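To keep things clear, I will list the structure first and then write my remarks on it.
The values are calculated or read from the model by the stated rules, or taken from the named source; none is laboratory data. Computed from a prediction, not measured in an experiment: that's the story for all the values here. All Cβ positions, glycine included, derive from the backbone under ideal geometry; neighbour counts span all protein chains shown. Heavy atoms of the whole protein, side chains included, go into the accessibility calculation; ligands, DNA and RNA do not. Shrake-Rupley method; radii C 1.70, N 1.55, O 1.52, S 1.80 Å.
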Amino acid sequence: MSGESSKEFTVQYKYAEIPEEPRYVKKKKPKRVVRSDHKHNYVSCYFNSNITVYRDKKRIPVYGCGSYCSICGRIGDTGWNQIPVENADPSIPVFNRELLDLNKYVSI
């Protein structure tokens, strides 16, 4: 191949047509959404996250209000409501939970 023929060869095959059949693409399995096998029965509870509030120049520890499933322990609604420890109902269970804990379950 001389200089001109190699240039003609590259130009001729540079813009070659793409074959009509696409390459084989492996199909992905769809992600399965895990569903519970029971209807959640949410019960109110307190979360101890070591938060203190200042009232009348005193540090008062508080609990965060929330709910959990009494069957599996899944954490339900955790609002921003806070109750001082001395005003908390002793019949409602208290769970330890950090402020930024991403765990969705409590140990029953």
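A few remarks follow.
- Any pair with Cβ under 6 angstrom, 6 or more apart, that starts in the range 33-53 at a residue that is under 18 Å from Cys65 (Cβ atoms) and without any contact (Cβ under 8 Å) to a residue 60 or more places away in the chain and ends at one that is surrounded by fewer than 12 Cβ atoms within 10 Å (Cβ to Cβ) and of a type in the set (Lys, Arg): Thr52/Arg59
- Filtering Ser49, Ser44 for residues that are closer than 15 Å to Asn96 by Cα, among the small types (Gly, Ala, Ser) and open to solvent by 60 Å² or more (accessible area, probe 1.4 Å) leaves a single hit, Ser44.
- Restricting attention to the range 32-49, the residues that are outside any loop (DSSP other than H, G, I, E, B) and at pLDDT below 80 total 1.
- Taken together, the residues in the range 70-98 that are touching a residue at least 24 places away in the same chain (Cβ under 8 Å), part of a strand (DSSP E or B) and under 18 Å from the mean Cα position of the chain (by Cα) amount to 5.
- Of all residues in the range 15-31, those satisfying the criterion of being charged (D, E, K, R) and modelled with pLDDT of 80 or more are Lys26, Lys27, Lys28, Lys29, Lys31.
- Scope the range 24-52; condition hydrophobic (A, V, I, L, M, F, W, C) and over 19 Å from Phe95 (Cα atoms); matching residues: Val25, Val33, Val34
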